[in-house]
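Working notes for the structure below.
The values are calculated or read from the model by the stated rules, or taken from the named source; none is laboratory data. These numbers come from a predicted model, not from an experiment. Please note: Cβ atoms are built from the backbone with ideal geometry, for glycine as well, and neighbour counts cover all protein chains shown. Quick note on the areas: whole protein, heavy atoms, side chains included, nothing else; ligands and nucleic acids left out. Shrake-Rupley method; radii C 1.70, N 1.55, O 1.52, S 1.80 Å.
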2 protein chains.
Amino acid sequence: MRALVFKEGLSFRDDYPQPVLNNNEALIRVIYAGICNTDIEITKGYMGFSGIPGHEFAGVVEKSSDSGLVGKRVAGEINIGCGTCTYCHRGLGNHCPARSVLGILNKNGAFADYLTLTANNLHILPDSISDEEAVFIEPLAAAFEILEQVDITSADKVCVLGDGKLGLLISQVLSTTGCALTTVGKHKEKLSILEKMNISTALAPVPSERHFDIVIDSTGSQTGLETALSIVNPRGKVILKTTVAGSRPTDLNSIVIDEITVIGSRCGPFRPAIKALETKSVDVTPLISKVFPIEAGIEAMNYASQKGMMKVILNFK
Amino acid sequence: MRALVFKEGLSFRDDYPQPVLNNNEALIRVIYAGICNTDIEITKGYMGFSGIPGHEFAGVVEKSSDSGLVGKRVAGEINIGCGTCTYCHRGLGNHCPARSVLGILNKNGAFADYLTLTANNLHILPDSISDEEAVFIEPLAAAFEILEQVDITSADKVCVLGDGKLGLLISQVLSTTGCALTTVGKHKEKLSILEKMNISTALAPVPSERHFDIVIDSTGSQTGLETALSIVNPRGKVILKTTVAGSRPTDLNSIVIDEITVIGSRCGPFRPAIKALETKSVDVTPLISKVFPIEAGIEAMNYASQKGMMKVILNFK
């Protein structure tokens, strides 16, 4: 099968062996796969991953012991828990210490004609969601994770820091709560996507006299947390989405003095993400930069690596 | 009056003018005052404070428009809010942006024969609490703040990092919840205070395979937060009590990956602290290193600055 493979370097192959089904897994033919910043980080050594990257996909189930899935178009949750530990028993397989993660940790991913995934992780896609839209379900679920973690109401002043792909998804998700939302970014053209959706935006830097009850750091930048801490109210909440390589020198004293709560936030629930695309309460189409055929996968990865790039999609049709 | 005064350097004076009462304030004759690490930091420039430091005290009210207070022995909350902002209206005067703080910010403190403090900030002391014990009410309240912020039950595995004064107070407070508690420190003799109270302890470092639901960083060290993050369970909570000068280079990625909640914690409620001393559920007497007369205040501050020192108290009698 065709596959983008990372092993020291990134290569395209058309003779990669098709994956073998393990217990409870389904075999999925990939239609589209989205390139995420994590994939680019993986090619720089992140997670020490070696194999086929990719964790955002839409595909069709070709084989499964669950016959109701066969032939169905699906998206899939990416964490595969052991199923037996206390985390898995509490429904927190995302945090299973022995988990594998599709295309990120001990499990080949979606940049290939075929992938395998635990059938329980799959979600059948409604017809109203296009293949291109479906690759956004995984990052959109990560945006919805915030609503699982904090109550946001129309009484809250909220600021999203960052106008990258995740920042734009988070902004759209949070705007559904009716909160007083401002998204701060560095790119006028990206912020204009939100402006057209009647979401308030501002070009960075945020004036330090502006204060918010809840601030989301989706900057992907070393300094994002410190910026968030400088504009959050005492007793406010900062949602941290940013991971960066290594240590970041950060003045954390205001966390103590102002009794701020910092909440780390990673993967999220697929159901509300699928619902949001189905009901068009979130529009991901303006976030697509370009679609490349899988044969041009390396070019696509280079293209996606450019500063300020939005979603780049691999097409397997 | 006698006073320890910090202005560039620290000096003892016996001719310092007695403070003038403002609206709603009471005049308090100080009996004992405790030296806190914050006082030592102030003599190094922390908060840019200039004047009389000291914020832990027991005293007797000599003048007050509230006649019920006159002649009474009191301890006092140290944050003085403006009384009119949204924080003060919500009962969060501790976070009033225009607040002054006794002996820390724009307000002379307790290292003097007399201090003034808003009468509302005062708590009358029961006879069963000695003067020496009473100087611990303020830091003990800071320990109780943790219980205001997180629910801790007998089902929780909890670790307190740090066997300094605050760590020992926090350990005693948290042990009242019945949680599975371990306090980790570097000083066998300090940990032995807790062992005598049947609180489990361990000498640092904590084995990284040991994991906890809730970890309190009361190390006062640059690396405390990173240690806490290394031993907290996924979805666990870290209570941050440590402030350090400037930035600390910290790997914060596990906050995101493990979806940790980091909660800053500062001043706390006096009532449960007073109750705990009254009912002897917390014993602060083993935490007293030495009592100095106020005339030897500079010597006392030097003594308190020594590494590993416990509570040093100034006596005004």
Can you find a residue that is within 14 Å of chain B (Cβ to nearest Cβ) and open to solvent by 30 Å² or more (accessible area, probe 1.4 Å) anywhere in the range A:165-177?
yes
How many residues of the range A:202-235 are farther than 22 Å from A:S154 by Cα, open to solvent by 20 Å² or more (accessible area, probe 1.4 Å) and more than 9 Å from chain B (Cβ to nearest Cβ)? The answer is 12
Check your understanding: Does A:V262 qualify as being open to solvent by less than 30 Å² (accessible area, probe 1.4 Å), under 26 Å from A:S175 (Cα atoms) and away from every other protein chain (no Cβ under 14 Å)?
Key -> no
For the range A:205-220, pairs from a residue that is without any contact (Cβ under 8 Å) to a residue 40 or more places away in the chain to a residue that is surrounded by fewer than 19 Cβ atoms within 10 Å (Cβ to Cβ), with Cβ under 6 Å and 6 or more apart or across chains, are A:S208/A:S230
The number of residues in the range A:16-43 that are acidic (D, E) and in contact with a strand residue (DSSP E or B) (Cβ under 9 Å, 6 or more places away or on another chain) is 2
Within the range B:6-41, restricting to residues that are out of contact with any helix residue (DSSP H, G or I) (no Cβ under 9 Å at 6 or more places or on another chain) and without any contact (Cβ under 8 Å) to a residue 60 or more places away in the chain, the one that is most open to solvent (accessible area, probe 1.4 Å) is B:E8
Exercise for review: State whether one or more residues within the range B:236-255 are open to solvent by 20 Å² or more (accessible area, probe 1.4 Å), at pLDDT 90 or above, under 21 Å from A:G220 (Cα atoms) and within 7 Å of chain A (Cβ to nearest Cβ).
Suggested key: yes
When every residue in the range A:286-317 that is closer than 20 Å to A:G162 by Cα and polar (S, T, N, Q) is compared, the one most open to solvent (accessible area, probe 1.4 Å) is A:Q306
Sole miss for A:A3 among (1) crowded, with 17+ Cβ neighbours inside 10 Å; (2) closer than 27 Å to A:G91 by Cβ is condition (2)
B:K44 meets each of (1) at pLDDT 95 or above; (2) open to solvent by 20 Å² or more (accessible area, probe 1.4 Å) with one exception, condition (1)
For the range A:285-301, does any single residue satisfy the condition of being under 21 Å from the mean Cα position of the chain (by Cα), within 14 Å of chain B (Cβ to nearest Cβ) and in contact (Cβ under 8 Å) with a residue 24 or more places away in the chain?
no
Practice problem: Scan the range B:134-155 and give yes if some residue there is closer than 30 Å to B:S305 by Cβ, more than 14 Å from chain A (Cβ to nearest Cβ), within 18 Å of the chain's Cα centre (by Cα) and not in a helix (DSSP H, G or I), otherwise no. | Solution: yes
Within the range B:56-89, restricting to residues that are closer than 12 Å to B:I137 by Cβ and either at pLDDT below 95 or touching a helix residue (DSSP H, G or I) at 6+ places or on another chain (Cβ under 7 Å) (or both), the one that is most open to solvent (accessible area, probe 1.4 Å) is B:E77
Filtering the range B:165-204 down to residues that are on the phi > 0 side of the Ramachandran plot and in contact (Cβ under 8 Å) with a residue 24 or more places away in the chain yields B:G178
Flagged in the range A:90-114 as open to solvent by 40 Å² or more (accessible area, probe 1.4 Å), under 30 Å from A:P17 (Cα atoms) and assigned to a loop (DSSP other than H, G, I, E, B), in numbering order, are A:P97, A:A98, A:N106, A:N108
Residues in the range A:266-284: is at least one under 28 Å from B:D217 (Cα atoms) and either within 11 Å of chain B (Cβ to nearest Cβ) or open to solvent by 50 Å² or more (accessible area, probe 1.4 Å) (or both)?
yes
